[in-house]
Every structure is written in C-alpha cells, then in structure tokens.
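The values are calculated or read from the model by the stated rules, or taken from the named source; none is laboratory data. Note that this is a predicted model, so its numbers are computed, not measured. Because the Cβ atoms are built from the backbone with ideal geometry, glycine has one as well, and the counts that use them run over all protein chains shown. Quick note on the areas: whole protein, heavy atoms, side chains included, nothing else; ligands and nucleic acids left out. Shrake-Rupley method; radii C 1.70, N 1.55, O 1.52, S 1.80 Å.
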Amino acid sequence: MQIGSYQVELIDAGRYKLDGGAMFGVVPRNLWEKENPPDEKNRITMSLNTLLLIRDGRIILVDTGVGAKFSEKYQQIYAVDYSEHSLLKSLATKNIQPEDVTDVIITHLHFDHVGGATYYDEEGKLKLRFPNADHYIQKRQLDWAQKRFPKDRASYLVENIDPLLHSNQLRILDGAHVLETGLELILSEGHTVAQQMVRVSGLQQNLLYAADMIPMSAHIPVPWVMAYDLYPVITIQEKEEHLKKAVEQEWMIFFEHDPHVHCGTIEQGDRGYQLKESIYL
Ligand SMILES: [Zn+2]
C-alpha cells in the first residue's frame, strides 16, 4: 500500500500467546472468548505485526516483535511460534536484510515490541539485529523501564534494553516528534509511560500504528482495555480521542497484535465505535 510518499508493508513477526483475562481486563470472558478462543491455560493467540515504511532508500521498521532470546521455558510460557512467520523471514520476503534497515521506531520497551531488536550471536554476545539503524525511543519510557516498578517489570528485560543503551545508535526523544514529513510519533500515556504511536499521513490516507493503545480490533470498544495498562482510565480517554479522529478523518488503525485483521477503518455504530472495513496490507 502507498500512503503519501511511503510504501507501507506489514512484516509478520510471528505468533505468541498471552492470558486472555489480562488482554481484556474487566470484560467478562463470555464476551471475548468466541472471537478469541482461549487454550487450556486461558491464553489467546496473538500476532506480532510490525510495520515497514520505505521511501527514498530509507527503510523504517516500527517495532520488532518478541525476538529469539527467550529460554525454552519462556518460549513455552508465551507459546512463541515462528513456524510460519518470523521477523527475519518476513523481511527476506521483501528482499530486505537486517543491514538494510535505516531506522527502528520502538513504540515502547515491553518484550513483545523490542525483543527482536537484539539477538545472541554464536559466542553468546548480545548484538543489535539492525546494525546500521538508528533506534528511536521516548526518554520517559526508558526512565520508567529502568525503575522496575512491580506492576510491569516482568515486561522489561535487561537483555532487550542494555544493548541499545550501550550502543551509539539509540536516539532518545522527549515528546511528540516529526521524523520526516508525513511520519509523526505521537504519545499515548495509558498503557505505559510515553508509548509512541506512529502516524503515517498522505493526502488521501492516514494510518495510525496504535501499538498497545488498541492492540487488536477486539479492543475498539472504548471500555475494552487491557489489565496490563498502567492507567486504564487514560487509555479510555485516549481511545475516545483517537477513534473520533479516525471516524472523522477516515484513518486506518493498524492492529499490532490482531491475528486476523491487519488494519481497519472505524465507524460509529449504535453501541459505540466499531470496525468498518478490514484492510490487509
Ligand atoms: Zn505493551
């Protein structure tokens, strides 16, 4: 798909599972289980949909999935599945090698967004997966991750963060930021501190990579908020604000964790916001 001057591609970085109850917060299981059937451990299947933006030799990746650094135990806990798709396989299908990527936008430092930015080499050393790329993260997100607050410290793994910190390829931003014309980073504070969402805009089309503000199309209803969120009331306010704009300005919302729908337009139905058209990149 072309949006403005960007060629926009979905890079499928695999599947994993998280607890269905945690994904839907206070929403009763009987409302979400039909669309998201839980396994025997109450986990639901989710996608790691990352985004590739190409323009004038610049190759920009938004988020990187879980990566391949987990021990066997954690791979099983999260049911990480690269049998069909993985970050590197999907990039290769677009004829892109890790060395070609010029920019990596990391929405936030939870393991399922930043894990793929690093790997262990044959000697067990941590390396950047995209050795020639600038990596963008928000300062307040980085500070928060390093505080290791009990509610969400399990999502922040030192092996994901330290190699970036010790490289000279980390670009620490402090607030909303225009990377270039038509490519904007906007902040969301409900899911975690200073998550950066990505807006790609053209004359006719706009796409919002909503990251964990609206992780799946099932989270379009405004009160359907994850139990993982630090500030669910703020997530609700942010969803209202962005979904309103999505309806008025016909934005496409990109769903990072939806195993069925890549993106969609939004409409106002009798019972609130809903998916209008499913779009596959
Ligand atoms: Zn997250």
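Once region 137-160 is narrowed to residues that are under 19 Å from residue 127 (Cβ atoms) and not hydrophobic (A, V, I, L, M, F, W, C), the residue that is surrounded by the most Cβ atoms within 10 Å (Cβ to Cβ) is 160.
For region 117-158, filtered to residues that are within 14 Å of the ligand (Cβ to nearest atom) and in a helix (DSSP H, G or I), the residue that is nearest to residue 256 (Cα to Cα) is 155. Beta carbons closer than 6 Å, at least 6 apart along the sequence or on distinct chains, pair a first residue in region 240-261 that is assigned to a helix (DSSP H, G or I) with a second that is not hydrophobic (A, V, I, L, M, F, W, C) for 243/273; 247/268. Residues of region 246-281 that are surrounded by 14 or more Cβ atoms within 10 Å (Cβ to Cβ), more than 20 Å from the chain's Cα centre (by Cα) and within 23 Å of residue 62 (Cα to Cα): 250 alone. Across region 1-51, the number of residues qualifying as outside any loop (DSSP other than H, G, I, E, B), of a type in the set (Lys, Arg) and surrounded by fewer than 18 Cβ atoms within 10 Å (Cβ to Cβ) comes to 1. Would you be able to say whether some residue in region 177-193 is away from the ligand (no atom under 13 Å from the Cβ), in contact with a helix residue (DSSP H, G or I) (Cβ under 8 Å, 6 or more places away or on another chain), under 20 Å from residue 273 (Cα atoms) and not hydroxyl-bearing (Ser, Thr, Tyr)? The answer is no, given that none of the residues of region 177-193 is away from the ligand (no atom under 13 Å from the Cβ), in contact with a helix residue (DSSP H, G or I) (Cβ under 8 Å, 6 or more places away or on another chain), under 20 Å from residue 273 (Cα atoms) and not hydroxyl-bearing (Ser, Thr, Tyr). Of all the listed residues (96, 54), the sole one being in contact (Cβ under 8 Å) with a residue 40 or more places away in the chain, open to solvent by less than 50 Å² (accessible area, probe 1.4 Å), part of a loop (DSSP other than H, G, I, E, B) and more than 16 Å from the ligand (Cβ to nearest atom) is 96. Out of curiosity, is residue 229 outside any loop (DSSP other than H, G, I, E, B), within 12 Å of the ligand (Cβ to nearest atom) and either surrounded by 19 or more Cβ atoms within 10 Å (Cβ to Cβ) or among the small types (Gly, Ala, Ser) (or both)? So residue 229 fails the test. The strands (runs of 3 or more DSSP E) falling completely within region 161-212 that include 3 or more residues that are surrounded by fewer than 21 Cβ atoms within 10 Å (Cβ to Cβ) map to 170-173, 177-180, 183-188.
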